[in-house]
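Heads up: the structure comes next, in C-alpha cells.
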Amino acid sequence: MAVHTLLQEPTVEDMLADPIVKLVMSRDGVQEEELRRIFRRSARARAERGPTRPGSGDTAAGTA
C-alpha cells in the first residue's frame with residue numbers, strides 16, 4: 001500500500017488492496033469486481049451529467 005500524507009487521499013487501488021478493507025468486504029459479501037462496476041457506472045454518469053457549479057451542493061457521492 002502506498003504511503004499517503006494528510007493532503008493525499010488513497011486511490012481506489014490502495015483501498016482495495018488494504019487487508020482490513022478486504023476483510024470487511026469479505027464479511028459483508030462485497031465482491032471487488034462488483035464494486036469496481038459501481039465505480040465505473042458512477043464515473044460515467046457524472047461525466048455525462050457534465051461539470052457542476054462550485055457550491056451547487058454536488059458532492060463526490062452525488063448528494064448534498
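The values are calculated or read from the model by the stated rules, or taken from the named source; none is laboratory data. Just so it is clear, the structure is predicted and the values come from calculations on it, not from any experiment. Counting neighbours? That spans all protein chains shown, and the Cβs are built from the backbone with ideal geometry, glycine included.
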Q: Can you run down the residue pairs with Cβ atoms below 6 Å, 6 or more apart or on separate chains, where the first is in region 16-42 and without any contact (Cβ under 8 Å) to a residue 40 or more places away in the chain and hydrophobic (A, V, I, L, M, F, W, C) and the partner is surrounded by 11 or more Cβ atoms within 10 Å (Cβ to Cβ) and part of a helix (DSSP H, G or I)?
A: 16/32; 21/15
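If we scan region 7-19, do we find a residue that is touching a Ser or Thr at 6+ places or on another chain (Cβ under 8 Å), in a loop (DSSP other than H, G, I, E, B), among the aliphatic types (A, V, I, L, M) and at pLDDT below 90? I'd like the intermediate steps shown before the answer.
We begin by selecting, within region 7-19, every residue touching a Ser or Thr at 6+ places or on another chain (Cβ under 8 Å); these are none.
Among the residues of region 7-19, not one is touching a Ser or Thr at 6+ places or on another chain (Cβ under 8 Å), in a loop (DSSP other than H, G, I, E, B), among the aliphatic types (A, V, I, L, M) and at pLDDT below 90, which makes the answer no.
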Q: Take the residues in region 20-64 that are surrounded by 11 or more Cβ atoms within 10 Å (Cβ to Cβ), in a loop (DSSP other than H, G, I, E, B) and β-branched (Val, Ile, Thr), then tell me which one is modelled with the highest pLDDT.
A: 30
